[in-house]
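Q: Sharing a structure below in structure tokens format, with a few things to ask.
The values are calculated or read from the model by the stated rules, or taken from the named source; none is laboratory data. Values in this document were obtained by computation on a predicted structure and should not be read as measured data. Methodologically, a virtual Cβ is constructed for each residue, glycine included, from the backbone with ideal geometry; neighbour enumeration extends over all protein chains shown. Note: areas computed on protein heavy atoms with side chains; ligands, DNA, RNA excluded. Shrake-Rupley method; radii C 1.70, N 1.55, O 1.52, S 1.80 Å.
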Amino acid sequence: MSERASNRIFDIFNVLIITFVILLCLMPFIHIIAISLSSTRPIMSGLVTFFPREFNINAYTKVFSDMAMIRSLGFTIMLTVLATVLSMVMTIAVAYSLSKKDLRGRKWFMLIIVITMFFSGGIIPDYILVRNLHLLDTVWALVLPGLISPFYMIILISFFNSIPKSLEEAAEIDGTTHLGTLLRIILPLSLPSLATLSLFYAVGRWNGFQDALMYINRPDLYPLQLKLYQMIQNNQVSELMQQEGLGMAQLMPESLKAASVVFSTVPILIVYPFLQRYFISGMMVGAVKG
């Protein structure tokens, strides 16, 4: 068998594996969409797989007419943008400082930061700290505790270290300050890593609900994921009450739960196409005069 033929077989094999993995990732989401667009009877009969049965959009009509869901969506978008911007600002500031080899105490700072990746005070000390800082039932309780990820910061430090030092030296010769070097040289060359980390921060904040579950009691500050969590939990309690004969609590239709899941998932998916080119582009464009 020639080398060209073996390479072609290898490429076909890779395409088949990648296609299989993509289908595995897409099938649960397609199934949820199919349920959200189906009527109750085929859903309860187990007839819905990847295509809607008895197509209708009643579930989405109810979701979009629920002002609490719309309010949670708006608040979650605002929270995600605020948390992502502040997280990136702090991560960039710390990473740029620690990327300097001549920074005094650099190794000790790195050691302290790395320790926080493996050890933490725990949920109860975190709650006591947030309470003592009077952050309960405020948006800052959802932003400040997880403002910086040590792992993402280390990734950014590594990226900054990969940028040729000669570029910074040339900027210093021209009289540029450290802040000017960061804004005019380092950050423009780091767009792929900045876009990737911004997306990671945004997805983490969008999907987070545990901190809101502990720190937030005001309904107007409920993120979308917490709203969805409470919706499912209330439905499970109602189902248990019906099974025990303790009442005639009304169960939420499966189509409505599926529509709520789609409603809370699609907005963050829209961000991916705008940042895709930064994931692919990793080449640093720049030159140093000889």
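Q: Where does the chain land at 222 nm, in deg cm²/dmol rounded to the nearest 500, when only DSSP H runs of n ≥ 4 count, each adding -39500 (n - 2.57), divided by all residues? Could the numbers behind the result be given before it?
A: Working: 14 runs with 198 residues, N = 290.
The helix-only estimate for the chain comes to -22000 deg cm²/dmol at 222 nm.
Q: Give the calculated FRET efficiency between F51 and L269 to the nearest 0.05, with a Förster radius of 25 Å applied to their Cβ-Cβ distance. Write out the running numbers ahead of the final one.
A: Working: r = 21 Å, r/R0 = 0.83.
E(calc), rounded to 0.05, equals 0.75.
Q: If we restrict to alpha carbons, what Rg and Dmax does region 145-191 come to, in Å?
A: Cα radius of gyration and Dmax of region 145-191 are 12.4, 40 Å respectively.
Q: Once R0 is set to 35 Å, what does the formula 1/(1 + (r/R0)^6) return for the Cβ-Cβ distance between R218 and F29, expressed as a FRET efficiency to the nearest 0.05?
A: Here the calculated transfer efficiency is 0.65.
Q: Using label points projected 7 Å from each Cα along Cα→Cβ, tell me how many nm separate I77 and L129, to one decimal.
A: Spacing of the two 7 Å Cα→Cβ label points: 3.2 nm.
Q: At R0 = 45 Å, how high is the FRET efficiency between R8 and V89 if r is their beta carbon distance? Nearest 0.05 is fine.
A: Computed FRET efficiency for R8 and V89 comes out at 0.40.
Q: Find the relative contact order for the chain and round it to a whole percent, using C-alpha pairs within less than 8 Å whose residues are 6+ positions apart.
A: Once divided by the residue count of the chain, the mean separation gives 28 percent.
Q: Accessible area per residue of the chain at 1.4 Å probe, in Å²? Could the numbers behind the result be given before it?
A: Working: 18390 Å² over 290 residues.
I get 63 Å² per residue for this part.
Q: In square nanometres, what is one fourth of the surface area of the convex hull spanned by the alpha carbons of region 51-101?
A: 6.2 nm²
Q: Once the Cα atoms of helix 123-132 and of the chain are each reduced to a long axis, what angle between those two axes, in degrees from 0 to 90 to the nearest 10, is obtained?
A: 80 degrees
Q: Run the accessible area of region 142-193 with a 1.4 Å probe and give the carbon-and-sulfur part as a rounded percent.
A: For region 142-193, the apolar C and S fraction of the accessible surface comes to 66 percent.
Q: May I pose another question? Can you tell me which of I32, I43, I124 moves the most in a GNM of the chain? Springs connect C-alpha atoms under 10 Å apart.
A: Most flexible of the set in this elastic network: I124.
Q: If I take the Cα coordinates of the chain and project them onto the principal axes, what are the three extents in Å, biggest first?
A: So the three principal-axis extents are 79, 71, 33 Å.
Q: Using a 10 Å cut-off on Cβ atoms, rank the peptides 265-272, 77-84, 214-221, 113-120 from the highest mean neighbour count down.
A: 77-84, 214-221, 265-272, 113-120
Q: Determine the share of region 75-138's accessible area contributed by carbon and sulfur atoms, expressed in whole percent, with a 1.4 angstrom probe. Write down the numbers at each step before the final one.
A: Values: 3160 of 4270 Å².
Within region 75-138, the accessible surface is 74 percent carbon and sulfur.
Q: Hey, another quick one. Along each of its three principal axes, how wide is the spread of alpha-carbon positions in region 1-97, in whole angstrom units, largest first?
A: For region 1-97, the Cα spread along each principal axis is 65, 59, 15 Å.
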